[in-house]
Amino acid sequence: MSLLVTGSIGIDTVLTPDERADEVLGGTAVYFAFSASLYVPVRLVAVVGDDFPPAYRDVLATREIDLAGLEVRRGSRTFRWTGRYKPNMNERDTLEVQLNVLEEAPPGVPDEFKDSTYIFLANTHPVQQQALLGQIDAPKLVVCDTMDLWIANERESLLKTLGMVNGVIVNDAEARQLTGRMDLVEAGRDMLELGPQFVIIKKGEHGATLFTENGSVDVPAFPTEKVRDPTGAGDSFAGGFLGYLAQEGNADEDTLRQGLAHGTVAASFAIEDFSLGRVRSLTRSDIDRRVAQFVEILRD
Ligand code: AMP
């Protein structure tokens with residue numbers, strides 16, 4: 001078993017109603033890798049510019065994250081994103097995006113990563129997701145994410161990606177936009193028709209729903225007392241979920257359900273601080289303790 005992620009590495013500026021964090025380490029692949037590496041070693045495929053602070057690379061190196069696929073492209077600039085959360089801390093506006101190196105050629109997959117079996121295609125252009133997947137010899141389980149931009153503007157390519165993956169993780173707004181259904185149960189079922197064997201719809205503070213051919217299962221969000229910065233919740237969820245599946249080496253119905261709990265708990269830690277503030281010091285026993293608490297909550 002070997003788990004590979006490809007996605008963005010960025011420098012984020014995040015504004016919440018009460019606080020802000022400037023120029024912090026972010027990006028979809030970073031949040032995913034930090035959570036998933038608490039379960040199994042993670043192989044990272046991503047590209048940054050030569051302005052990427054060495055201190056941020058050092059942060060990535062503190063975990064079992066293989067950086068052989070991290071390209072530092074000379075003469076290019078790192079992706080930057082600025083977002084502001086609304087008072088409900090659920091919705092956010094993107095104030096500024098500088099795609100920079102993400103607009104250039106995607107990073108290649110190093111030869112030693114081509115035997116990877118579990119793959120997470122974090123949100124990026126669907127054609128780039130397909131190109132990455134095409135470089136893997138024999139993937140066993142492929143899961144992808146996407147976003148409103150690709151659903152609106154690159155629908156055909158996105159449908160092609162969805163036909164190539166085993167699972168997809170999206171949020172409620174994306175599921176509605178993709179299927180044209182307001183009812184999320186109908187949206188989830190429709191998405192199964194597009195190819196994946198399982199679909200997860202995340203609903204922020206309302207938890208997440210897993211859809212398979214056997215029906216659907218709902219889990220609530222973990223009741224976190226303090227939500228300081230929701231950025232990265234979705235990718236941390238995916239990291240906990242897929243990290244658990246990779247650790248177990250299968251994706252049967254029971255494992256998918258357990259994975260939902262692990263994803264939920266991973267996300268609950270990520271939102272307790274800005275950037276990787278909380279996740280950096282997180283251990284596997286912190287996760288396991290909270291999963292046990294979560295299972296108790298689900299029993300009540
Ligand atoms: P999430 O909150 O899980 O949706 O992920 C937030 C992360 O996504 C932030 O750290 C951003 O750097 C990154 N991000 C935002 N917009 C994009 C984009 N268009 N492409 C790739 N990554 C993005």
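Nothing in this text is a laboratory measurement; each read-out follows from the coordinates by a stated rule. Just so it is clear, the structure is predicted and the values come from calculations on it, not from any experiment. Positions of Cβ are generated from backbone atoms using ideal geometry, with glycine treated the same way; all protein chains shown enter the neighbour counts.
Could you line up H262, H125, H206 from fewest to most neighbouring Cβ atoms inside 10 Å?
In order of increasing Cβ crowding within 10 Å: H206, H125, H262.
By a straight-distance test (C-alpha under 20 Å), which lysines pair with K203 as possible cross-link partners, with residues fewer than eight away in the same chain excluded?
Those lysines meeting the cut-off are K86, K226.
Let me spell out the model: positive unit charges on the Cβ of Lys and Arg, negative unit charges on the Cβ of Asp and Glu, origin at the Cα centre of the chain. What dipole size does that give, in debye rounded to 20?
220
Taking K and R as +1 and D and E as -1, what net charge do the other residues with C-beta under 11 Å from the C-beta of T146 add up to?
-3
Once you have a ≥ b ≥ c as the square roots of the Cα gyration tensor eigenvalues for region 1-101, tell me rounded if a/c is under 1.5, and otherwise prolate or oblate according to whether a/b is larger than b/c.
Here region 1-101 falls in the oblate category.
Which of D172, D183, D66, D148 has the fewest other C-beta atoms within 10 Å, and how do the rest follow up to the most?
With the sparsest Cβ surroundings first, the list reads D183, D148, D172, D66.
Find the centroid of the Cα atoms in region 1-41 and in region 156-172, then give the distance between the two in whole Å.
Each part reduced to its Cα centre gives a spacing of 21 Å.
From zero outward in steps of 5 Å, how is the percent of C-alpha pairs of region 159-200 spread across the bins?
With a bin width of 5 Å, the distribution comes to 6, 28, 38, 22, 6, 0.
At q = 0.09, 0.14, 0.15, 0.23 Å⁻¹, what log₁₀ I(q)/I(0) does region 80-207 have when each alpha carbon counts as one equal point scatterer in the Debye sum?
So the normalised log intensities are -0.29, -0.70, -0.79, -1.40.
Percent relative contact order of the chain, based on C-alpha pairs within less than 8 angstrom and at least six residues apart?
Relative contact order comes out at 18 percent.
List, largest first, the extents of the alpha carbons of the chain along their principal axes, each in whole Å.
53, 43, 36
Positive end of the dipole of the chain, charges at C-beta (+1 Lys, Arg; -1 Asp, Glu), about the Cα centre: which of T161, A55, L4 has its Cα farthest in that direction?
Farthest along the dipole direction, towards plus: A55.
With viscosity set to 1.567 mPa s and temperature to 4 °C, compute the Stokes-Einstein D of region 151-267, Rh being the Kirkwood radius across alpha carbon pairs; µm²/s, no decimals.
Value of D from the Cα-based Kirkwood radius: 89 µm²/s.
Rank the residues M191, M147, M182 as a footprinting-exposure proxy: fewest other Cβ atoms within 10 Å of their Cβ go first.
Arranged by neighbour count, lowest to highest, M191, M147, M182 become M182, M147, M191.
Show me, bin by bin at 5 Å from 0, the whole-percent P(r) of region 251-300 based on Cα pairs.
Histogramming region 251-300 at 5 Å steps yields 5, 20, 26, 23, 15, 8, 3 percent.
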